Amino acid sequence: MAVCARLCGVGPSRGCRRRQQRRGPAETAAADSEPDTDPEEERIEAGAAALAGAGGGRGAGPSPPPRCSLLELPPELLVEIFASLPGTDLPSLAQVCTKFRRILHTDTIWRRRCREVLHRYRHILGLWQPDIGPYGGLLNVVVDGLFIIGWMYLPPHDPHVDDPMRFKPLFRVHLMERKSATVECMYGHRGPHNGHIQIVKKDEFSTKCNQTDHHRMSGGRQEEFRTWLREEWGRTLEDIFHEHMQELILMKFIYTSQYDNCLTYRRIYLPPSHPDDLIRPGLFKGTYGSHGLEIVMLSFHGKRARGTKITGDPNIPAGQQTVEIDLMHRIQLPDVESLRSFNELSRIVLEVREQVRQEQQQQEDGAEDGEGRAPQSPREPQRGPAQPSVELPAEKGGGPVDGEAAAAAAPAPEQPAQSGQGQPFVLPVGVSSRNEDYPRTCRMCFYGTGLIAGHGFTSPERTPGVFILFDEDRFGFIWLELKSFSLYSRVRATFRNAEAPSPQAFEEMLKNIQSLTS
């Protein structure tokens, strides 16, 4: 109440203490715990009147003008006043009365504190990719109550690709202090401890733990590994019978644990969307065999779509383009019985690959023939039965005029794509899949290529495959050479401050994260 008395202009709380002395202990405790504002305001006004009357009785001069209570000020003015106070005073101020507590829930106050009090940290809000060798990651930095918190987002446990993302805090910054900010490392199992954040540049920052002993467990590295394995995979090492998978898991633990939350982060953006996109771009969880689930960013680039790894593995590291979809070459799958034959699917895909190769060769020859000559009209690409590209959103990169012209000239799409009912789908015999719970109908399929490489990203090669669009939130990819199937499911988490300022900035971001592991 002394805080309320000083804020309301009564001055020193001597009068309040005298009244408390006249009350008994029980009354004093009850009054101090009273949350309502009206009785408190009446007591303040009564005390002010008593002080004014006592002064006038002694003939000390004219009575002082009546003082205005903070409670009588409009909320807009109170927001301005509260926003200028030190952050350490705000929790106590919220306990004075319900009106103050309600005003202190105003987002304007905390946005201003984030700008003014922690101005040096304002650039770290948004999405980031940590530099953890080939493994990468996804960090979301947000304002959460009285803190700025860095949440690391993790895929669900393999192979449950449709389960929601998991997340854990890595660091937090207090929004309380006026000048210097307190940074805490949240890594490990012994609670918050001292940490540090360094802003390298606008789109890069680093974290450092100053008390790494808090990350250690009493049982040593074996206990740390068992705990990490339960969190990362949701199982024990004894449950994993595949020897190669055990080696990959142990390798990841040894590699990632050495960082001790001392990491460098680089900003990433969510892909921009366009009305003509095949589906809404964004982040997806995908199955990658013995490597488990990984996060992939699906983006559209004119006549092609790309899947870029946000998290990776020793074969294909984070930042690399894992799949590329040729939206100009749609594949018409055979009936279900024929599709069960891997040889039949392989024949169809390889025919499309040869067609793509011929078209690329024609374009190169046409470019060479046109050097030093008058420009000629481009030749029409060959149209085969597997290339009904007229119903594709392939012209969106050509600008409004080209896109509208293509839409006007295009025939109606095929019935499955138009109705959304889809066509039956089944994996060919011999194609392995980590998740057998894949959809049994698909909307459409396209020719694509998938990136494969040896351990350590050696001898990378793009190999043919099939992109299968199931619905708005799921797609798949059949790796023809590996006889493997990856199922992808949309990440449904909402990320703020993650939009690219321009399409050019997004393209530049993709180049930057890819160059780090090339």
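Values quoted throughout were computed directly from the atomic coordinates according to the rules given, and no laboratory measurement underlies them. Just so it is clear, the model here is predicted, and its values are computed rather than measured. For neighbour counting, all protein chains shown are included, and Cβ atoms are generated from backbone atoms with ideal geometry for every residue, glycine included.
Only loop residues by DSSP count here, and only those with at most 15 other Cβ atoms within 10 Å; note down the GluC sites (Glu not before Pro) in segment 156-223 that meet that.
When the GluC sites (Glu not before Pro) of segment 156-223 are filtered for loop state and at most 15 Cβ neighbours within 10 Å, 177 remain.
Could you work out the relative contact order of segment 219-324? I mean the mean sequence separation of Cα pairs under 8 Å and 6+ apart, divided by the number of residues, in percent.
Worked out over segment 219-324, it gives 14 percent.
Convert each backbone phi in segment 204-216 into a coupling constant with the Karplus relation 6.51 cos²θ - 1.76 cosθ + 1.60 (shift: θ = phi - 60°), then list the ³J(HN,Hα) values in order as whole Hz, x for Gly and Pro.
7, 8, 9, 10, 9, 8, 8, 9, 5, 5, 5, 8, 7
Exactly which GluC sites (Glu not before Pro) in segment 433-518 are in a DSSP loop and have at most 12 other Cβ atoms within 10 Å?
Those that pass, being in a loop and sparsely packed, are 436, 472, 481.
Ranked from highest to lowest mean number of other Cβ atoms within 10 Å per residue, what is the order of the peptides 213-221, 255-263? Intermediate results must be reported in sequence, preceding the final value.
Working: 213-221: 13.0, 255-263: 16.3.
With the highest mean Cβ count within 10 Å placed first, the list reads 255-263, 213-221.
Considering amide H positions built from the backbone, and no H for Pro or chain starts, which residues 5 or more places from residue 491, or on another chain, come under 5 Å of its amide H?
Excluding prolines and chain starts, which carry no amide H, the hits are 283, 284, 285.
List every residue whose amide H lies under 5 Å from the amide H of residue 484, counting only residues 5 or more places away in sequence or on a different chain, with H placed 1.01 Å from N in the peptide plane.
432, 479
Can you list the lysines whose alpha carbon is less than 26 Å from that of residue 483, not counting same-chain residues fewer than 8 positions off?
Cα-Cα hits under 26 Å: 252, 285, 309.
Going by a ≥ b ≥ c, the root eigenvalues of the Cα gyration tensor, does segment 196-339 fall in the rounded group (a/c under 1.5), the prolate group (a/b larger than b/c) or the oblate group?
Oblate is the answer for segment 196-339, as a/c is 1.5 or above yet b/c matches or exceeds a/b.
Given H placed 1.01 Å from N in the peptide plane, which residues other than close sequence neighbours of residue 304 have an amide H under 5 Å from its amide H?
327
Per-residue HN-Hα couplings for segment 224-239, Karplus 6.51 cos²θ - 1.76 cosθ + 1.60 at θ = phi - 60°, whole Hz, x for Gly and Pro?
Listing the rounded values in order: 4, 5, 4, 5, 4, 5, 5, 6, 6, 10, x, 7, 9, 5, 5, 7 Hz.
Quickly rank 427-434, 133-140 as a protection proxy: mean count of other C-beta atoms within 10 Å, highest first.
So the order, starting with the most tightly packed, is 133-140, 427-434.
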